[in-house]
Amino acid sequence: MIDLPSQASVVVIGGGVMGCSTLYHLAKLGISDAILLERNKLTSGTTWHSAAQVRALRSTRNMTDLIRYSVSLYSSLEEETGQAVGWINKGSLSIATSQDRLIHTRRQEALAHLFGVDAHFVSQGEAKERWPLMNAEDVIGAVWSPDDGRVSPSDLCAALAKGAKARGAKIFEDTTVTGIVTQDGRVKAVETAGGTIRCDAVAICTGLWSRQVAAMGGVDVPLYPCEHFYLLTDKIDGIEGNLPTLSDHDSHLYIRDDSGGLLVGCFEPMGKPIAPEVLGESFAFGLLDEDWDHFEPMMLNALHRLPSLENAGVRMLLNGPESFTPDGSFLLGETAETRGLFLGCGMNSVGVATGGGAGMALAHCIHNGHPPFDLHEVDPTRFPGCWNNAEALAARAPEVLGKHYEITYPGRGFTSARDLRKTPLDSEWREAGAHFTQVAGWERPLYFGKTEEPELTFGKPAWFDQVAAETRHAAEVAGIFDQSTFGKIEVSGSDATTFLNQVMTNNMNRAVGRAIYTTMLNERGGIESDLTALRLATDHYRLMVGTAAIRRDLAWLKRHSDGFDVTLTNRTEELAIIGLMGPRSRNILQDLGGEKILNLSYFGSTSSNIAGIDVDAVRLSYVGEYGWEITCTVADAPHLYAAFHQAGVRPCGTLAQTAMRIEKRFLSYGHDMDTDTSPLQMGLGFAIDWDTDFIGKSALEERQAAGESNQIVTLLFDADDQIVPLGNEPVYLGTEIAGKTTSAAYGYRIGRPLALADVKLPEARTDGAVVSVDIGGIRYPAVVSTTPAFDPKGARMRG
Ligand SMILES: Cc1cc2nc3c(=O)[nH]c(=O)nc-3n(C[C@H](O)[C@H](O)[C@H](O)COP(=O)(O)OP(=O)(O)OC[C@H]3O[C@@H](n4cnc5c(N)ncnc54)[C@H](O)[C@@H]3O)c2cc1C
């Protein structure tokens, strides 16, 4: 019987790359009594058979930085531990064989410049020189990334384990965790056949088994396994030594040398889900059956790209399981439900590349209570409860696998596992010809009047005219914007104001009936959330938070409410919010008996009755037109909509809303701001009351003293609808990178494309400065404006 300790500060469950890296980094942080429990042997889950390529360039800086951290760790671990990790730095080559892929590739190159990654565009000829065995006749360009490489996954884990043990950490193999004990919302212990281990924190790094393991602690983990294939050949003439990794995304393939032969892996358009029972406890160093019928289309693609495969002997078609999440990003951080219960799983086929950095970040979260830098895109709290549904996960995971190599066109969405959540006006929107997208499980109209699937493009979008018409109607008459998916969290109790003044930057002690825009900060002065609150009574507020932020914000509020007499209630599913916006909205409300509402001042709110329906209305606008956000019960929403519709109001989708908010320079969480940016940088100084004592205030004061100031500007392009900025593009002042675009759209009211940009270079933050933006490899000039592009004084929305 293994002699387990009865106590450890942190228990890491799972001995794959995520568990080993997390343990190593915990030990490095000085948590020398951390332990790892693995039910079989280290790497026996998915890690042992990984193709283990490490390609750094991702679509965001922070995901890229995690992999860059891995690269520097993997190239130095042998020196530190004496254990080789098989790090081979031969670079990677991503080829393009279609015009849209070329644009995608050029966008990647632009991102590389922005993130400081060494990656550059190469011609067909140079691509062929770097990969002589490839048939390059249809290749029209490529991106070459010299810093990329690959590793031996089992050796890597051995080195991480050795490094962790050298610092006091312990690893117990053949030890299955059978239970996670929690009490009062906190993790207390893990259970094994060899006894119970008390602990302060648990890191669930159990790969595709994490859904079952987390359920032991009462937590939902939305991930699902799929089969993942690569072909291994015998030796092939012409393969001497190591080659760069070759990615042929248009053919869904990745290719590299392996023991003198080739390894040809694929992310086929639609993967194969695996029933979890197939992958039971005894699945150690296991593989799944070969499936040549499924692999055949990929084999044909591979034969086209690599003619020498024709005569190569096949060693095996390896089929291994890997887990995927509903949005294709992994899960890293503390769970919303249980303090001390952390996730590091659902790696979506980048577990080895990301493992070094992700383990570092997870250890940092456990040790410091927050990640080393913004990681909201992998925050486990981003998924709503509707994803705790095996059927939906089994439908989505194969599509996620397929999307891994797809071109990331604007407007691209998932087609599987739809209709999980519907807004109260869903039938009305279907009747009105909505084209939907899915956000946090909700079906939300993107635009109206064209239901067929649009042809996706990086150029002028297929929905341009529909969105133009919606925007025009809202600006000339009135539009309805369905904001029902916003979270509605009510805070009540005798300490409601004191509590909120501690967690919010603005002064919440306003007259009953006032609306308050505010940010909620972390101790570092970064924005955890931005929201609008309504003071409904002296001891009662309603917070309207972002659609994807509900679980996270609720957890944050709960965690900071100890000792206050407050009750937090999530009313998201009970209430609908309808935005009525446009110059005629006043007359429309008047005709429907909403006089009380008409007298509201800007940011004033009241309860009233419109067309016989009880509502709470607040005078504000996210789109810059005169209007109200009107809250009613879900049951009443269709009646309210019918009354507005009859009065000539037209529905507007989220694309119209986005275009209008960008024209008004209204920011959006996750695009323009995140947990690293402060309200000072975002120009949100008006939402800070320095006289209150809020979380993050001292950090904010320091940031202010260090000169942090508004970095967000508007960039105005020429009046040409063929210029299509998307956000996340580098902004140049001359040849120097000055910042990046954060949100972009065509501004229908101003008649030109525009972007919001986070600009670090002060010279590029002055009105009238001319910068250029790299959109798909072409630099487009843009003029800087420090004020909103549309109605800068807000005359229209204030009335
Ligand atoms: C064919 C294939 C090719 C791939 N190629 C690449 C690539 O080129 N680059 C890349 O970055 N990624 C690649 N991946 C993905 C990568 O291998 C995975 O993301 C990664 O290995 C996942 O590591 P993990 O630690 O999360 O999970 P795992 O390696 O599966 O580790 C989880 C561990 O938890 C243990 N466990 C489960 N339940 C319990 C319990 N109750 N108690 C104790 N222990 C438990 C399991 O035994 C297992 O060892 C590939 C995957 C496949 C299948």
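Side notes on the structure shown:
- Whichever residue in the range 24-55 is aliphatic (A, V, I, L, M) and either away from the ligand (no atom under 11 Å from the Cβ) or assigned to a helix (DSSP H, G or I) (or both) and, among such residues, is surrounded by the fewest Cβ atoms within 10 Å (Cβ to Cβ): Leu29
- Subset of the range 613-648 [closer than 19 Å to Thr423 by Cβ, surrounded by fewer than 23 Cβ atoms within 10 Å (Cβ to Cβ) and among the small types (Gly, Ala, Ser)]: Ala635, Ala642, Ala643
- Residue pairs whose Cβ atoms lie under 9 Å apart, sitting 6 or more positions apart in sequence or on different chains, and linking a residue in the range 338-359 that is within 14 Å of Thr325 (Cβ to Cβ) to a partner that is acidic (Asp, Glu) and assigned to a strand (DSSP E or B), are Leu343/Glu334; Met347/Glu322; Asn348/Glu322; Ser349/Glu322; Gly351/Glu322.
Conditions (1) surrounded by fewer than 20 Cβ atoms within 10 Å (Cβ to Cβ); (2) under 27 Å from Ala643 (Cα atoms); (3) at pLDDT below 95; (4) not polar (S, T, N, Q), marked per residue:
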position: Gly459; (1), (2), (3), (4): yes, no, no, yes
position: Asp465; (1), (2), (3), (4): yes, yes, no, yes
position: Phe481; (1), (2), (3), (4): no, yes, no, yes
position: Asn506; (1), (2), (3), (4): no, no, no, no
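- Scanning the range 1-23 for residues that are in a loop (DSSP other than H, G, I, E, B) and of a type outside the set (Gly, Ala, Ser) returns Met1, Ile2, Asp3, Leu4, Pro5.
- Number of residues in the range 243-286 that are more than 13 Å from the ligand (Cβ to nearest atom) and either assigned to a helix (DSSP H, G or I) or touching an Asp or Glu at 6+ places or on another chain (Cβ under 6 Å) (or both) equals 8.
- Of the residues making up the range 765-799, those that are free of Cβ contacts under 8 Å to residues at least 40 places away in the same chain and in contact with a strand residue (DSSP E or B) (Cβ under 7 Å, 6 or more places away or on another chain) are Thr766, Asp767, Gly768, Ala769, Val770.
- Of everything listed in (1) assigned to a loop (DSSP other than H, G, I, E, B); (2) under 30 Å from His252 (Cα atoms); (3) within 14 Å of the ligand (Cβ to nearest atom), the single unmet condition for Asp327 is (3).
- Scan of the range 303-324 for residues that are surrounded by fewer than 22 Cβ atoms within 10 Å (Cβ to Cβ) and in a helix (DSSP H, G or I), ordered by number: Leu303, His304, Pro307, Ser308, Leu309, Glu310, Asn311
- Residue within the range 697-715 that is touching a residue at least 24 places away in the same chain (Cβ under 8 Å), more than 27 Å from the chain's Cα centre (by Cα), crowded, with 16+ Cβ neighbours inside 10 Å and part of a loop (DSSP other than H, G, I, E, B) present: no
- The condition (being assigned to a loop (DSSP other than H, G, I, E, B) and either of a type outside the set (D, E, K, R) or buried (at least 20 other Cβ atoms within 10 Å of the Cβ) (or both)) is satisfied by just one residue among Pro651, Pro679: Pro679.
- Pair list, Cβ < 6 Å and 6+ apart or interchain, from the range 172-183 residues that are at pLDDT 95 or above and among the charged types (D, E, K, R) to residues that are near the ligand (Cβ under 9 Å from one of its atoms) and not in a strand (DSSP E or B): Glu173/Glu38; Glu173/Lys41
- Test: residue in the range 628-641 that is touching a Phe, Trp or Tyr at 6+ places or on another chain (Cβ under 7 Å) and among the β-branched types (Val, Ile, Thr): no
- Strands (runs of 3 or more DSSP E) within the range 379-487 that include 2 or more residues free of Cβ contacts under 8 Å to residues at least 24 places away in the same chain: none
- Leading residue by the ranking (farthest from Tyr24 (Cα to Cα)) among those in the range 71-109 that are buried (at least 21 other Cβ atoms within 10 Å of the Cβ) and of a type in the set (Gly, Ala, Ser): Ala96
- Residue in the range 115-139 that is surrounded by the fewest Cβ atoms within 10 Å (Cβ to Cβ), counting only those that are within 31 Å of the chain's Cα centre (by Cα) and hydrophobic (A, V, I, L, M, F, W, C): Val122
- Test for Leu300: is it farther than 30 Å from Ile180 by Cβ, hydrophobic (A, V, I, L, M, F, W, C), modelled with pLDDT of 95 or more and surrounded by fewer than 17 Cβ atoms within 10 Å (Cβ to Cβ): yes
- Here Asn89 meets the list (1) within 28 Å of the chain's Cα centre (by Cα); (2) more than 13 Å from the ligand (Cβ to nearest atom); (3) more than 26 Å from Arg186 (Cα to Cα) almost entirely, failing just condition (1).
- Which numbered condition Leu223 misses (of (1) more than 25 Å from Ile31 (Cα to Cα); (2) more than 30 Å from the chain's Cα centre (by Cα)): (2)
- Being out of contact with any Cys (no Cβ under 9 Å at 6 or more places or on another chain), over 27 Å from Val649 (Cβ atoms) and aliphatic (A, V, I, L, M) is true of Ala549.
- Some residue of the range 408-431 being at pLDDT 95 or above and within 28 Å of Phe686 (Cβ to Cβ): no
- Whichever residue in the range 602-633 is in a loop (DSSP other than H, G, I, E, B) and of a type in the set (A, V, I, L, M, F, W, C) and, among such residues, is nearest to Phe790 (Cα to Cα): Val623
- Single residue of the range 333-351 satisfying the filter (more than 6 Å from the ligand (Cβ to nearest atom) and part of a loop (DSSP other than H, G, I, E, B)) that is nearest to Trp556 (Cα to Cα): Ala336
Residues checked against (1) surrounded by fewer than 24 Cβ atoms within 10 Å (Cβ to Cβ); (2) under 30 Å from Asp562 (Cβ atoms); (3) in contact with a His (Cβ under 9 Å, 6 or more places away or on another chain):
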| position | (1), (2), (3) |
| --- | --- |
| Ala159 | no, no, no |
| Ile171 | yes, no, no |
| Thr176 | yes, no, no |
| Ala193 | yes, no, no |
| Asp220 | yes, yes, no |
| Ser251 | yes, no, yes |
| Phe267 | yes, no, yes |
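- So Ala214, is it of a type in the set (A, V, I, L, M) and away from the ligand (no atom under 11 Å from the Cβ): no
The values are calculated or read from the model by the stated rules, or taken from the named source; none is laboratory data. Note that the structure is a prediction, hence the values are computed from the model and not measured. Every residue, glycine as well, gets a Cβ built from its backbone with ideal geometry; the counts of neighbours run over all protein chains shown.
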